[in-house]
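Written below as structure tokens is the structure these notes are about.
The values are calculated or read from the model by the stated rules, or taken from the named source; none is laboratory data. Quick caveat: nothing in here was measured; it's all calculated off a predicted structure. As a convention, Cβ positions derive from the backbone with ideal geometry for all residues, glycine included, and neighbour counts pool all protein chains shown. Heavy atoms of the whole protein, side chains included, go into the accessibility calculation; ligands, DNA and RNA do not. Shrake-Rupley method; radii C 1.70, N 1.55, O 1.52, S 1.80 Å.
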Amino acid sequence: MSHQICLLPGDGIGPEVTRASTKIIDATGVKIDWIELDAGGDCAQRTGELLPQSTLDAIEKYRIALKGPIATPVGKGFRSINVSLRKHFGLYAAVRPVYSLKGVQTRYEDVDLVVIRENTEGLYSGIEHEVVPGVVESLKVATEKACTRIAEFAFDYAVKNGRKKVTAFHKANILKMSDGLFVDCARKVHEKSYQGKVEFDDLIIDNACMQMVKDPTQFDVLLLENLYGDVVSDLCAGLVGGLGVVSGANFGPDCAIFEAVHGSAPDIAGKGVANPLACLMSGVSMLEYIGEKESATKITKAFLKVLESGEPAHVTRDIGGTANTEQFVSAILSNL
Ligand code: ATP
């Protein structure tokens with residue numbers, strides 16, 4: 001029986017990296033009917049709608065999607081479609097594994113950590129207004145319910161994946177109430193259900209970022225509220241080779257959307273040089289989620305072989321190669 005999975009190509013490099021990924025996924029022989037859906041800036045230009053109801057209905061029906069990045073205008077314009085989708089489907093947990101890849105030159109070896117980001121509140125609530133001209137207020141929302149839920153998710157993830165420690169990053173010395181609540185909830189969840197199973201500690205985020213750059217190997221599972229999670233995800237990507245090599249997944253109670261950490265990369269869109277790996281790795285997580293472990297393993301082995309070969313003509317420029325997207329895809333396909 002075929003799996004029915006929604007595919008949102010998105011904006012910028014989105015169509016290029018999703019096309020590359022589905023080509024490789026299909027080549028493993030796994031049976032997937034891709035249900036292609038529209039959303040984002042390009043969609044708005046064509047149809048006048050940023051997030052058509054038909055797209056929401058399809059995700060509602062199939063509950064699983066592989067998604068390319070959707071551009072969000074800076075400063076003014078429409079609100080993020082990525083954030084809207086996460087909120088609409090209650091995708092409260094973003095999971096972003098970050099690990100060193102043999103063959104990708106970086107300052108560090110042996111980085112192996114997982115960023116777990118709360119996806120539904122914090123400053124991303126988007127509640128801001130101009131009090132008087134020249135004065136704006138943005139509201140950071142933290143609820144005990146959401147803080148507890150993401151802490152439970154992080155500890156549960158750690159236990160199920162053989163991880164040793166969860167570290168919460170926060171700024172509770174300044175944001176005593178909101179970040180205070182976040183770290184308190186994490187502590188309570190740990191004390192109640194995870195003591196002896198997994199360690200827990202917390203760090204003030206500025207110190208944490210310095211520690212991260214000094215020695216990222218000291219970290220295991222990171223638990224962060226929304227904005228810190230967004231920023232630290234990109235920092236972590238920089239430790240292992242950049243945004244082209246970090247995958248992501250957003251989980252809710254009965255829905256999952258898999259998407260790379262990177263944005264639509266307008267600077268390289270349409271040039272055929274985007275690294276498809278982050279999207280492909282998100283696709284691998286999706287295959288594992290739907291129980292297609294054999295295909296997932298085949299793809300992982302194939303791209304690792306390409307990276308480990310160290311052949312510049314087979315990998316894209318962002319990770320030190322000379323290949324375009326298509327050449328990278330061909331190299332992976334030839335190793336499947
Ligand atoms: P957003 O706000 O949507 O997250 P961003 O501002 O973080 O976007 P990105 O679109 O992620 O920006 O791009 C940041 C930089 O990383 C750009 O220089 C872009 O070209 C590069 N980049 C991002 N993704 C890739 C990729 N898959 N392959 C190669 N380079 C990439």
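Tabulated data for the structure shown
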{"item": "Qualifying residue in segment 51-69 (condition: at pLDDT below 90, farther than 20 Å from Val115 by Cβ and not aromatic (Phe, Trp, Tyr))", "result": "no"}
{"item": "Segment 17-50 - residue that is open to solvent by 30 Å² or more (accessible area, probe 1.4 Å) and in contact (Cβ under 8 Å) with a residue 40 or more places away in the chain and, of those, nearest to Ala71 (Cα to Cα)", "result": "Lys23"}
{"item": "Tally of residues being among the hydroxyl-bearing types (Ser, Thr, Tyr) and touching an Asp or Glu at 6+ places or on another chain (Cβ under 6 Å) across segment 40-54", "result": "0"}
{"item": "Residue match in segment 51-62 (condition: touching a Gly at 6+ places or on another chain (Cβ under 7 Å) and closer than 26 Å to Gly244 by Cα)", "result": "no"}
{"item": "In segment 70-115, residue modelled with the highest pLDDT [restricted to those that are open to solvent by 40 Å² or more (accessible area, probe 1.4 Å) and among the β-branched types (Val, Ile, Thr)]", "result": "Thr106"}
{"item": "Test: residue in segment 238-250 that is at pLDDT below 95 and either more than 9 Å from the ligand (Cβ to nearest atom) or surrounded by fewer than 20 Cβ atoms within 10 Å (Cβ to Cβ) (or both)", "result": "no"}
{"item": "Within segment 310-328, tally of residues that are more than 23 Å from the chain's Cα centre (by Cα), over 15 Å from Ala20 (Cα atoms) and surrounded by 15 or more Cβ atoms within 10 Å (Cβ to Cβ)", "result": "1"}
{"item": "Strands (runs of 3 or more DSSP E) wholly inside segment 129-231 containing at least 1 residues that are open to solvent by 50 Å² or more (accessible area, probe 1.4 Å)", "result": "135-138, 199-204"}
{"item": "Check on Leu222, in contact (Cβ under 8 Å) with a residue 12 or more places away in the chain, assigned by TED's automatic domain parsing to the domain that holds Glu118 and in contact with a Gly (Cβ under 9 Å, 6 or more places away or on another chain)", "result": "yes"}
{"item": "Every pair of residues 6+ apart whose Cβ atoms lie under 8 Å, when the first sits in segment 227-239 and is farther than 13 Å from Ile205 by Cβ while the second is part of a helix (DSSP H, G or I) and within 12 Å of the ligand (Cβ to nearest atom)", "result": "Asp234/Leu243; Ala237/Leu243; Ala237/Val245"}
{"item": "Failed item in (1) within 13 Å of the ligand (Cβ to nearest atom); (2) open to solvent by less than 10 Å² (accessible area, probe 1.4 Å); (3) in contact with a strand residue (DSSP E or B) (Cβ under 8 Å, 6 or more places away or on another chain), with Glu259 passing the rest", "result": "(2)"}
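Quick grid of which residues meet (1) within 16 Å of the ligand (Cβ to nearest atom); (2) in contact (Cβ under 8 Å) with a residue 24 or more places away in the chain; (3) open to solvent by less than 70 Å² (accessible area, probe 1.4 Å); (4) in a helix (DSSP H, G or I):
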position	(1), (2), (3), (4)
Leu280	yes, yes, yes, yes
Leu287	no, yes, yes, yes
Gly291	no, no, yes, no
Lys298	no, yes, no, yes
Lys301	no, yes, no, yes
Val306	yes, yes, yes, yes
